[in-house]
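To start, the structure under review is shown below, and the notes come after it.
What follows draws every value from the coordinates through simple rules; no lab data is involved. Everything numeric in this text was worked out from a predicted model, so none of it was measured. No Cβ is skipped: glycine too gets one built from the backbone with ideal geometry, and neighbour counts run over all protein chains shown.
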Amino acid sequence: MANFKIQNKADYEQSFQESVNQPEAFWNSIADNYTWRKKWDKTLEWNFTDPDVKWFINGKLNITENCLDRHLEQRGNKIALIWEPNDPKEMSIRYTYRELHSHVCRMANVLKKLGVTKGDRVCIYLPMIPELAFAVLACARLGAVHSVVFAGFSVNALADRIQDSGCKLVITSDGLNRGAKQIPVKSVVDEAIASCPLVEKVLVVNRLNWPIQMKDGRDIWYHEALSHEGDSCQATEMDSEDQLFILYTSGSTGKPKGVVHTCGGYMVYVGYTFQNVFQYNESDIYWCTADIGWITGHSYILYGPLLQGATTLMFEGVPTFPDPGRFWQVIDKHSVNSFYTAPTAIRSLMASGVDHVLAYSLHSLKVLGSVGEPINEEAWHWYHTHVGKGRCPLVDTWWQTETGGIMISALAGISDLKPAHAGLPLPGIQTLLVDNEGNEITGEGVEGYLCIKFPWPSMIRTTYGDHERCRQTYFSNYKNLYFTGDGARREEGGIYRIIGRVDDVINVSGHRFGTAEIENAINQNKKVVESAVVGFPHDIKGQGIYAYVILGEGASNDNHTRDEIVESVVEYIGRIAKPDKIQFVSGLPKTRSGKIMRRILRKIAEGDTSSLGDTSTLLDPLIVDEIANGRL
Ligand code: WT7
């Protein structure tokens, strides 16, 4: 029987071995830690060809009973959620498990009245306010499939996502706070759903007291709807393999795809990984700074911590408001014990100087975490030394939207730490490296494409509405393997160092964008004839966005045009995908078959123009010199 809680290196070894030798027995004993209305008949059926993966077959459950109801007896008065507002002068709010349970039930009752039932898709486009947590859990309570869209996405991006998954309800707010700014939200929804005929109702949370347009018969104020609702709501019985949520993420081609996660496996895996990676203790206060609009927020602000009866903190604001000491002020204010953030945040705070950190005690901290992109050694040491005072283990957690939960990471206080290395796979995760042909690369001190050869409970089941795309993207490169899209090294002791994406995906501040997606946005601008986008190393963001643009006749290649192009990207995707550099060129390096040689463009963007390799196969080799000379 595997121990649910790994407490030392020997436990890790034993669990890992068991998970490889007897995966079903291993996962059965992990899954037994949760409340099932009916136990599963069979643990696993799978093939990576179709792909078709099912976990805990015929098991019945509702994840919110595991996140909320089952804690009421022992932890009813324990704080489940601490909400810290954008403005430190506003009061924070603390919800006990009992209070959170009743808020979720009341929201679920509102949704039910609006006609939401099991299997319906609901789009949640909300800032980081408590109602976002209530909305996610209320959907799960009713068996409605939530699709949370990060509130920084633009009209087009939102409309695409609403349409792709056929949402009939959108939950939103009048506006949002972001540092010193207030930004409209509801008006974005209004514009988006002009092209989404399936949307019947819009539920609006009042955050800013703004006098917004409410459309009769369609738009409903949440606080008004709420006043009629009681605080109990029966949870809908779900099958293990019923869909829990859709979350859109970018790939190397086409529009963002809806990654689908299902109820049983996702629950088991995120609870298990939260408990073990952070080594959560009953009285700990845990804070993950991600936005719930991304997978990190789904798995490690809401579901993982609540499954384990933890106290989870949710922060509305930004790291630099009112000053770059805000994170540290919040840690002291709430006596945070575990702190999970992104390398980009660390690097930007590093740049503001260490005094902001030294102004706070941070003595409550016990565990630090990092997620979203490789953390460079300098940032690792700064974080470990100045935030963790050299006494807190720092776990570098590698995973993806598609994996649902953390896959490769140290376990806090148990594993050895090596800066810039994610570490060993968790028990239950069978990683390997392969070469171009898909042959396994064994041994240590080796590099290859990172793949996974055995299913794990929270893995992607499909891409919404397009299963073939799921097969193509993750399961077709290498036979019988899940391909992550990342390159990695395996070092001494079997620990992994993640190098980064090997496909046309750029990781900007821990957010994924496809180069094609950004090019498409740039090309919306009428002055643009063609564009090519690549990533380049950026001190704060990890990767920046470098765009090469061919303008049409008569367009002037000046900063005004650059601003217009940036505006197109903001309009089409959102501020987070703004290009950092735009270079106007008269042509692009293409092969005779018309394929853009991104390798060359990447080198130039990186500033490495000395070794551009063989350019003789290009249609117009001279263009390379022109581009290299005009480099920004
Ligand atoms: C991609 C997944 C996992 C939640 C946030 C991002 C990169 C993620 C690490 C890490 C090196 C990392 C990978 C991965 N990545 N964590 N600790 N070290 N790289 O989720 O948007 O699905 O992006 O982020 O390239 O494939 P995502």
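Taking other residues whose beta carbon is less than 14 angstrom from the beta carbon of V434, and scoring Lys, Arg as +1 and Asp, Glu as -1, yields -1. Cysteine residues of the chain whose C-beta has no other cysteine C-beta under 4.7 angstrom: C67, C139, C196, C263, C288, C392, C451, C470.
For segment 247-263 versus segment 489-548, the spacing of their alpha-carbon centroids is 17 Å.
Would you kindly give the portion of the calculated P(r) for segment 386-476 that falls above 16 Å, as a percent of all Cα pairs? The partial results should precede the final answer.
Details: 2633 of 4095 pairs.
So the pairs more than 16 Å apart make up 64 percent of the total in segment 386-476.
Rg/Rh for segment 89-224: what does it come to with C-alpha atoms and Rh from Kirkwood? Don't skip to the end; give the middle numbers.
Values: Rg = 14.2 Å, Rh = 15.0 Å.
Using only Cα positions, Rg/Rh for segment 89-224 is 0.94.
How many angstrom separate the Cα center of segment 300-377 from the Cα center of segment 39-72? Using only Cα atoms to place each centre, the spacing works out to 32 Å.
If I take R0 = 35 Å and measure r between the Cβ atoms of H560 and D87 in this structure, what FRET efficiency does the formula 1/(1 + (r/R0)^6) give, to the nearest 0.05?
Details: r = 36 Å, r/R0 = 1.02.
Efficiency, from the Cβ-Cβ distance: 0.45.
Protection proxy ranking for 589-595, 396-402, 254-260, 193-199, using the average of other Cβ atoms within 10 Å per residue and placing the highest first: 396-402, 254-260, 193-199, 589-595.
Under the definition of Cα pairs under 8 Å and six or more residues apart, what whole-number percent is the relative contact order of segment 505-629?
Working: 197 pairs, mean separation 27.6, N = 125.
Normalised by residue count, the contact order of segment 505-629 is 22 percent.
Measuring max minus min along each principal axis, the C-alpha atoms of segment 371-439 give extents of 44, 23, 22 Å (largest first). Listed peptides 605-613, 479-487, 119-127 appear in the order 119-127, 479-487, 605-613 once ranked by packing, highest mean of other Cβ atoms within 10 Å at the front. Apply the a/c threshold of 1.5 to the C-alpha gyration tensor of segment 54-127 and tell me whether it is rounded, prolate or oblate. Because a/c hits 1.5 or more and a/b fails to exceed b/c, segment 54-127 counts as oblate. Assuming charge only on the beta carbon of Lys and Arg (+1) and of Asp and Glu (-1), the dipole of the chain about its Cα centre is about 780 debye to the nearest 20. Multiplying the residue separation of E571 and S616 by 0.36 nm and removing their Cα-Cα distance gives an extension gain of 12.3 nm.
Using the Kirkwood formula over every pair of different C-alpha atoms, what hydrodynamic radius in Å results for segment 406-547? Provide the component values of the computation, followed by the final result.
Working: mean 1/r = 0.0585 Å⁻¹.
Final number for the Kirkwood radius of segment 406-547 is 17.1 Å.
Under the Kirkwood approximation for Rh and a Cα-based Rg, what ratio Rg/Rh is obtained for segment 517-581? Please list the in-between numbers first.
Numbers: Rg = 11.4 Å, Rh = 11.9 Å.
Rg/Rh: 0.96.
Extension gain, E626-H363: 0.36 nm per intervening residue step, less the Cα-Cα distance, totals 89.1 nm.
Please express the shape of segment 468-620 as an equivalent ellipsoid: the semi-axes are the square roots of 5 times the eigenvalues of the C-alpha gyration tensor, given largest first in whole angstrom.
Working: eigenvalues 169, 72, 56 Å².
For segment 468-620, the ellipsoid semi-axes come out as 29, 19, 17 Å.
In loop segments of segment 503-562 as defined by DSSP, the GluC sites (Glu not before Pro) with at most 14 further C-beta atoms inside 10 Å of their C-beta are E553.
Here the alpha carbons of segment 9-452 define both size measures, Rg and Dmax, at 21.5, 65 Å.
Below 8 Å, C-alpha to C-alpha, sequence gap of six or more: please give me the relative contact order for the chain in percent. Kindly include the intermediate steps, with their values, before the conclusion.
On the way: 1388 pairs, mean separation 77.4, N = 632.
It rounds to 12 percent for the chain.
Is segment 248-388 rounded, prolate or oblate when judged by the Cα gyration tensor, a ≥ b ≥ c being the square roots of its eigenvalues, rounded requiring a/c under 1.5 and prolate requiring a/b larger than b/c? Oblate, because a/c is 1.5 or more while a/b does not exceed b/c.
Would you kindly state how much longer the chain becomes between T591 and A25 on full extension, computed as 0.36 nm times their sequence separation minus their alpha carbon distance, in nm to one decimal?
Values: separation 566, 0.36 × 566 = 203.76 nm, distance 5.28 nm.
The T591-A25 span can extend by a further 198.5 nm.
Counting each DSSP H run of 4 or more residues in the chain as -39500 (n - 2.57), what helix-only mean residue ellipticity at 222 nm follows after dividing by all residues, to the nearest 500 deg cm²/dmol? Intermediate results must be reported in sequence, preceding the final value.
Numbers: 20 runs with 176 residues, N = 632.
Helices in the chain give a 222 nm mean residue ellipticity of -8000 deg cm²/dmol.
The ratio of the alpha-carbon radius of gyration of segment 334-407 to the globular-protein estimate 2.2 N^0.38 Å is 1.11. Electrostatic tally near L481: other residues with Cβ closer than 11 Å to its Cβ, Lys and Arg +1, Asp and Glu -1, net +1. In the chain, taking the dipole from charged Cβ atoms about the Cα centre, the farthest positive-side position among G152, A516, S616 is held by G152. Relative contact order of segment 1-55, taken over Cα pairs closer than 8 Å and 6 or more residues apart, is 27 percent.
Taking R0 as 25 Å, what's the FRET efficiency between D416 and K42 from their Cβ-Cβ distance, rounded to 0.05? Kindly include the intermediate steps, with their values, before the conclusion.
Working: r = 38 Å, r/R0 = 1.50.
Between D416 and K42 the formula returns 0.10.
Loop-located GluC sites (Glu not before Pro) in segment 206-242 (DSSP state other than H, G, I, E, B) with a sparse environment of at most 16 neighbouring Cβ atoms within 10 Å: E237.
Dipole of segment 9-452 computed with +1 at Lys/Arg Cβ and -1 at Asp/Glu Cβ about the Cα centre; of S102, W398, A135, farthest Cα towards the positive end is S102.
Computed from the alpha carbon positions, the gyration tensor of segment 465-542 leads to an equivalent ellipsoid with semi-axes of 28, 21, 9 Å, biggest first.
Does segment 1-113 come out rounded, prolate or oblate by the C-alpha gyration tensor, with a ≥ b ≥ c the root eigenvalues, rounded set by a/c under 1.5 and, if not, prolate when a/b is larger than b/c and oblate if not? Could the numbers behind the result be given before it?
On the way: a/c = 2.32, a/b = 1.65, b/c = 1.40.
It is prolate, given that a/c is not under 1.5 and a/b is the larger ratio.
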